Amino acid sequence: LTVGGKGKSDTAILSYQLQQHALLPLLARTFALNIGLDRVKRKWAEQIPEDHLEVVAMCCALKPICSWHLENLVSVCRERTGGQGYLSCNRFGTFIGLAHAAMTAEGDNSVLIQKVAKERLGMFKPQAVTPVSENIATTDQLINLIKIRENALFTGLSKALKAAGRAGLFETWMLQQNESIQSAGRTYGERIVADEFKSVVDSSEDSTKEVLQDLLDLHLCSYVKDNAAWFLTQEIISPDQAKQVTAEFDRLCRILTPQALNLVE
């Protein structure tokens with residue numbers, strides 16, 4: 001408990017928006033990435049030769065995304081728990097070490113994302129998308145935005161490489177297009193996770209569907225909110241639509257807070 005409006009230590013610390021906005025999106029993303037990993041593991045176990053390149057790309061996308069998430073998750077949680085976060089019983093130190101090891105184990109994360117972008121360029125087919133509606137703060141529209149971003153990034157990268165030709169390929173790839181490469185590879189991974197999370201929600205039992213839906217929507221809102229500058233500068237969404245996402249993000253953090261402990265346990 002922490003100090004509340006009456007000056008007494010009678011208020012749960014997660015009641016504060018500061019804590020909610022820092023921690024609830026990380027919880028939603030943890031659910032999302034675990035669901036995405038389950039899909040990749042199934043694809044690996046059930047793969048046929050024709051799917052091998054796609055499965056490798058999925059593995060190379062999810063490993064960096066998950067280990068980057070772990071590092072961020074542990075660091076934010078350590079900070080949000082104050083001095084308690086230094087206690088070894090909370091195991092933050094252990095997981096910070098594991099996260100840093102994972103970010104370079106079996107390949108540097110950013111180099112793996114380069115591999116993802118390269119492999120996906122070779123077999124890229126644009127994702128089916130729909131026109132952006134006036135209200136974008138819905139599950140389908142938020143996933144649609146991720147797909148629009150993936151299409152735009154890979155299409156732009158392909159055009160840049162074709163314009164460079166064989167003679168300019170190395171310089172373009174290694175010295176000029178790093179941001180596009182990293183963004184394209186990551187967005188491919190994010191789309192895999194989003195699609196699988198939605199599939200799980202659609203097939204879930206009624207007793208869990210509502211909370212899983214809220215977690216999915218919070219995860220999607222967080223992604224669009226974090227990449228709002230790109231969507232705005234590309235004129236894919238308007239400032240008013242960006243505000244819709246922020247408002248939905250606030251609402252979801254608020255309604256998921258009472259269930260946070262049960263979701264963690």
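The values are calculated or read from the model by the stated rules, or taken from the named source; none is laboratory data. Keep in mind that what you see is a predicted model, and the values were worked out from it rather than measured. A quick note on method: Cβ atoms are made from the backbone with ideal geometry, for glycine too, and the neighbour counts reach across all protein chains shown. Keep in mind that these areas ignore ligands, DNA and RNA; they rest on the heavy atoms of the full protein, side chains included. Shrake-Rupley method; radii C 1.70, N 1.55, O 1.52, S 1.80 Å.
Descriptive notes on the structure:
- Subset of region 180-239 [out of contact with any Phe, Trp or Tyr (no Cβ under 9 Å at 6 or more places or on another chain) and of a type in the set (Phe, Trp, Tyr)]: TYR223, TRP230, PHE231
- Condition check for ASP51: without any contact (Cβ under 8 Å) to a residue 24 or more places away in the chain and either assigned to a strand (DSSP E or B) or at positive phi (or both): no
- Annotation: of all residues in region 86-105 being small (Gly, Ala, Ser) and surrounded by fewer than 16 Cβ atoms within 10 Å (Cβ to Cβ), the one that is farthest from LEU53 (Cα to Cα) is SER88.
- Among the residues of region 47-85, those identified as loosely packed, with under 11 Cβ neighbours inside 10 Å and over 26 Å from PHE197 (Cβ atoms) are PRO49, GLY82, GLY83.
- Residue in region 12-19 that is surrounded by fewer than 16 Cβ atoms within 10 Å (Cβ to Cβ) and outside any helix (DSSP H, G or I) present: yes
- Pair list, Cβ < 8 Å and 6+ apart or interchain, from region 239-265 residues that are farther than 10 Å from LEU218 by Cβ to residues that are in a helix (DSSP H, G or I) and at pLDDT below 95: THR257/LEU14; THR257/SER15; ALA260/LEU14
- Selection status of ASN178, more than 17 Å from the chain's Cα centre (by Cα), without any contact (Cβ under 8 Å) to a residue 12 or more places away in the chain, loosely packed, with under 15 Cβ neighbours inside 10 Å and under 18 Å from ALA32 (Cα atoms): no
- Tally, over region 127-166, of residues that are basic (Lys, Arg) and either open to solvent by 50 Å² or more (accessible area, probe 1.4 Å) or farther than 28 Å from VAL211 by Cβ (or both): 3
- Boolean, ASP108 is among the acidic types (Asp, Glu), surrounded by fewer than 18 Cβ atoms within 10 Å (Cβ to Cβ) and within 24 Å of ILE143 (Cα to Cα): no
- Residues in region 1-17 that are out of contact with any strand residue (DSSP E or B) (no Cβ under 9 Å at 6 or more places or on another chain) and free of Cβ contacts under 8 Å to residues at least 40 places away in the same chain were compared, and the one that is farthest from ARG80 (Cα to Cα) is LYS6.
- When we screen ILE236, ILE255 for residues that are β-branched (Val, Ile, Thr), surrounded by fewer than 19 Cβ atoms within 10 Å (Cβ to Cβ) and outside any helix (DSSP H, G or I), the only hit is ILE236.
- Selection of region 25-72 for residues being at pLDDT 95 or above, acidic (Asp, Glu) and within 14 Å of GLY189 (Cα to Cα) yields only ASP38.
- Residues that are touching a residue at least 24 places away in the same chain (Cβ under 8 Å) and under 16 Å from HIS21 (Cβ atoms) were ranked within region 221-233; the one that is most open to solvent (accessible area, probe 1.4 Å) is LYS225.
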